[in-house]
Amino acid sequence: MRGAVNLLLLLLLAAVLGLHWVLGADPERRNVELFPAMVDAVPFESYAANPHFADGKTAQAPPPGARVREAGRFGYGPGPEEALRAGRELANPYSPHDDTALSRGAAVWATYCRVCHGPSGAGDGPVARRGVPAPPSIHTGRARAMADGQLFHIVSAGQANMPGYAAQVLPDDRWRAILHLRALQAAGPPAGSAEDAPAGSPEGTAAGAGPPAGTGAGGAP
Ligand code: HEC
């Protein structure tokens with residue numbers, strides 16, 4: 001019995017080796033390609049020569065007047081220098097007396113900004129109260145002294161721990177949110193907030209007081 005099994009295995013081995021030899025993979029030959037259209041593109045490659053254009057190139061220069069997508073209404077790069085430039089060059093298209101814009105700005109603030117900045121901009125939103133670095137109060141020096149365009153740049157491109165909101169909030173709504181931010185500043189900080197603390201310091205925000213009662217380890221995430 002044992003001998004028969006061994007013989008069978010030997011035959012099998014011989015068969016496999018024989019098959020390997022017969023099919024003999026030729027390293028010079030391409031393997032079989034299934035769906036070759038996935039490998040060999042039908043259109044011209046971007047940098048391939050192209051007889052259909054006068055200059056013989058496939059990648060053509062954009063037509064005159066074409067704009068880079070990112071350079072649409074917000075043509076600024078990230079960073080504080082660009083924020084300062086935006087502060088010099090941009091003005092809020094909405095008037096502080098435009099009630100429709102103001103109420104829209106309040107809605108934008110409530111939707112996108114309040115979670116971190118808090119209802120009055122003191123930097124005490126629920127996200128900040130649960131351990132995320134708190135934003136500085138908008139009532140203390142820095143944001144108060146910034147030009148509208150600089151605020152617009154921060155809201156659009158972000159600043160340090162704050163992400164940009166260009167992808168979520170339309171430019172007009174960002175301006176309206178700034179209108180609301182100015183209205184909050186005009187209304188002053190809420191009673192009890194540490195208005196005089198330097199911007200960005202934990203004392204200027206609720207974060208300095210640690211998590212509020214009721215949000216212990218067992219609290220909802
Ligand atoms: C995820 C939390 C978060 C959200 C949401 C958020 N911010 Fe901020 N914001 C921050 C943080 C943190 C900073 C401080 C960044 C830094 O350290 O420079 C900041 C800074 C700012 C500043 C500059 C303040 C200063 O003194 O430098 C402005 C203005 C501002 N945010 C406006 C907004 C507006 C308007 C919205 C809503 C569209 C918004 N933020 C949404 C976290 C947030």
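Taking all Cα pairs closer than 8 Å and separated by 6 or more residues, the relative contact order of segment 1-147 comes to 9 percent.
Put a dot 7 Å past the Cα of LEU8, heading toward its Cβ, do the same for GLN60, and the two dots end up 6.9 nm apart.
Compute the projected area of the convex hull of the Cα atoms of segment 94-145, averaged over all viewing directions, and report it in nm² to one decimal place.
Its average projected convex-hull area is 3.9 nm².
Determine, for LEU151, LEU9, the number of other Cβ atoms within 10 Å of each Cβ, and report the residues in order from fewest to most. Could you put the intermediate results ahead of the total?
Numbers: LEU151 24, LEU9 10.
The most exposed by this proxy come first: LEU9, LEU151.
Taken along its three principal axes, the alpha carbon spread of segment 1-88 comes to 94, 42, 19 Å, from the longest extent down to the shortest.
Does segment 1-41 come out rounded, prolate or oblate by the C-alpha gyration tensor, with a ≥ b ≥ c the root eigenvalues, rounded set by a/c under 1.5 and, if not, prolate when a/b is larger than b/c and oblate if not? It would help to have the intermediate numbers written out before the result.
Values: a/c = 8.11, a/b = 3.18, b/c = 2.55.
Prolate shape, in that a/c is at least 1.5 and a/b is the bigger ratio.
With neighbour counts taken as other beta-carbon atoms within 10 Å, the residues ARG30, ARG182 rank, fewest first, as ARG30, ARG182. Evaluating kT/(6 pi eta Rh) at 37 °C and 0.692 mPa s, with the Kirkwood radius of segment 26-180 over Cα pairs in the Stokes-Einstein relation, gives 170 µm² s⁻¹. Note on segment 50-117: percent of Cα-Cα distances in each 5 Å bin, starting at 0 and stopping at the bin with the largest distance, equals 3, 11, 11, 11, 18, 15, 7, 5, 7, 4, 5, 3, 0. Dividing the convex hull volume of the alpha carbon atoms of segment 106-178 by its residue count gives 81 Å³ per residue.
With neighbours defined as other Cβ atoms within 10 Å of a residue's Cβ, the residues MET146, MET162, MET1 order from fewest to most as MET1, MET162, MET146.
Computed from the coordinates by the stated procedures, all read-outs in this text should not be read as laboratory data. These figures come from a predicted structure and were not determined experimentally. Note that we place each Cβ from the backbone using ideal geometry, even for glycine, and neighbour counts take in every protein chain shown.
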